[in-house]
1. Of the residues that make up the range 80-91, is at least one more than 22 Å from ASN140 (Cα to Cα), among the charged types (D, E, K, R) and touching a residue at least 60 places away in the same chain (Cβ under 8 Å)?
2. Only one of LEU212, LEU242 is touching a residue at least 12 places away in the same chain (Cβ under 8 Å), farther than 30 Å from ILE37 by Cα and open to solvent by less than 40 Å² (accessible area, probe 1.4 Å); which?
3. Against the conditions (1) modelled with pLDDT of 90 or more; (2) surrounded by fewer than 20 Cβ atoms within 10 Å (Cβ to Cβ); (3) of a type outside the set (Asp, Glu); (4) over 24 Å from THR67 (Cα atoms), where does PHE314 fall short? Just the number, please.
4. Pairs under 6 Å by beta carbon, first residue farther than 16 Å from PHE218 by Cβ in the range 12-34, partner of a type in the set (S, T, N, Q) and open to solvent by less than 10 Å² (accessible area, probe 1.4 Å), six or more apart or different chains?
5. For VAL296, all conditions in the list (1) under 19 Å from the mean Cα position of the chain (by Cα); (2) in a loop (DSSP other than H, G, I, E, B); (3) at pLDDT below 90 hold save one; what is the number of the exception?
6. How about the range 50-102: which of its residues are at pLDDT below 95, open to solvent by 50 Å² or more (accessible area, probe 1.4 Å) and among the acidic types (Asp, Glu)?
7. With the condition being at pLDDT below 95, I'd like the helices (runs of 4 or more DSSP H) fully within the range 220-279 carrying at least 3 qualifying residues.
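The values are calculated or read from the model by the stated rules, or taken from the named source; none is laboratory data. Since we're looking at a predicted model, the values are computed, not measured. Quick reminder, even Gly has a Cβ in these numbers, built from the backbone with ideal geometry, and neighbours come from all protein chains shown. Just the protein is used for accessible areas: all its heavy atoms, side chains included, with ligands, DNA and RNA removed. Shrake-Rupley method; radii C 1.70, N 1.55, O 1.52, S 1.80 Å.
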Amino acid sequence: MENLSQSQPMVGGDGEHSYAKNSSYQGGLVDAAKELINEAIIEKLDLKISGFDTSKTFRIADLGCSTGPNTFFAVQNIIEAVEQKFLLTEQQNPLALEFQVFFNDHCDNDFNTLFKSLPQSRRYFSAGVPGSFHGRLFPNSSIHFVHSSYTLHWLSKVPREIVDGISLAWNEGSGQCNRFVKEVFEAYSTQFKNDMESFLNARAQEVVHGGLMGLVIFAIPDGIPFADTPPGVVFGILHSCLVDLAKMGIISEEKVNSFYVPMHNPTPKQLEAFIQKNGNFSLERMEKLSNLKTNVLHSSKCSASMMRAIFEGFIKEHFGGEFLDQIFDHFTTKIEENHSILGEKGSNMIDLFLLLKRIIS
């Protein structure tokens, strides 16, 4: 059986196709969530939790940090809110606080680029923590605030049923992109449910009682068919692109039919149900974000560049690096041809801010 983890980092470095240069949409979400995080910390964070008052070190973890710069903006927003909270409640100079920030992503993430671009004016101690956030990363009760933006839609692995030739969910002939088959979509949904449970259980051990998690999640509305959502359209375009190239003899049909990406977009009702069932966190807030950077998605070229920064690793691993430019050049053309459809489906995508608080047991 092949390894189903298939975890790939975003494109590293700071070149033309890098995530650092093609993640302004995700950066817009960090900006959109800033005020919500500030309100969350002011209203919901108790600075007396788990001995924080004696240690004077506030620990923050950003899960799925990639290469920056968005992670640095998010961390700075959190720190400023904590300092404001400290000033309001303790009536002391917040400069007395010390912060430790843990930047987490997969082991293959470009941590070199990340740390080379750390803000020189930062007032926190930083550390890289490689590993999957679906499992444990930190000691018990060691983190006060967890942040994660646009990462939880990534699964820990491709559902096993998808590559099982006996299963009804086996996707032969349609590859990664046809999630319109009921059994295929259900397999991805089940894998997301299991991964979310693992994520919440791991964080429940690591986050101090009363600690907070601010999560930005790429979701789809309840009751909307996956085919009518932007991710559904994009996967359809990508599949069409790969099929075209297979017909041209550039890549093999077998490779196309066995291409999968471990990614799933949940609905708000699913998220609420998973959190409630887990029982370790209270859902303090769930709110749709308004991203001022949506203009990025209005440009075919920018949309295609963003997709390359995200999916290049998966394409390279599966089809080989020699086909990258051909695949993504054709993908860009297909995006341009179908951009009006993407625009029509734009309202069927929601970016959610979730505030979770560790239940004091």
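1. First, pick out the residues of the range 80-91 that are more than 22 Å from ASN140 (Cα to Cα): 80-81, 83-91.
Then keep just the ones that are among the charged types (D, E, K, R); that gives 80, 83, 85, 90.
Among the residues that remain, those that are also touching a residue at least 60 places away in the same chain (Cβ under 8 Å) are: none.
No: the range 80-91 contains no residue that is more than 22 Å from ASN140 (Cα to Cα), among the charged types (D, E, K, R) and touching a residue at least 60 places away in the same chain (Cβ under 8 Å).
2. On the way: LEU212 fails: farther than 30 Å from ILE37 by Cα.
Step by step, each of LEU212, LEU242 is checked, and only LEU242 is touching a residue at least 12 places away in the same chain (Cβ under 8 Å), farther than 30 Å from ILE37 by Cα and open to solvent by less than 40 Å² (accessible area, probe 1.4 Å).
3. The failed condition is (4).
4. GLY12/THR67; ALA20/THR67
5. In the conditions (1) under 19 Å from the mean Cα position of the chain (by Cα); (2) in a loop (DSSP other than H, G, I, E, B); (3) at pLDDT below 90, VAL296 misses (2) alone.
6. ASP53, GLU98
7. Working: elements: 230-247, 253-257, 268-278.
Correct list: 230-247, 253-257.
Every residue, every condition in (1) assigned to a loop (DSSP other than H, G, I, E, B); (2) of a type in the set (S, T, N, Q); (3) closer than 30 Å to GLN191 by Cβ, yes or no:
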residue: GLY68; (1), (2), (3): yes, no, yes
residue: PHE72; (1), (2), (3): no, no, no
residue: GLN76; (1), (2), (3): no, yes, no
residue: GLN100; (1), (2), (3): no, yes, no
residue: PHE115; (1), (2), (3): no, no, no
residue: LEU118; (1), (2), (3): yes, no, no
residue: HIS147; (1), (2), (3): no, no, yes
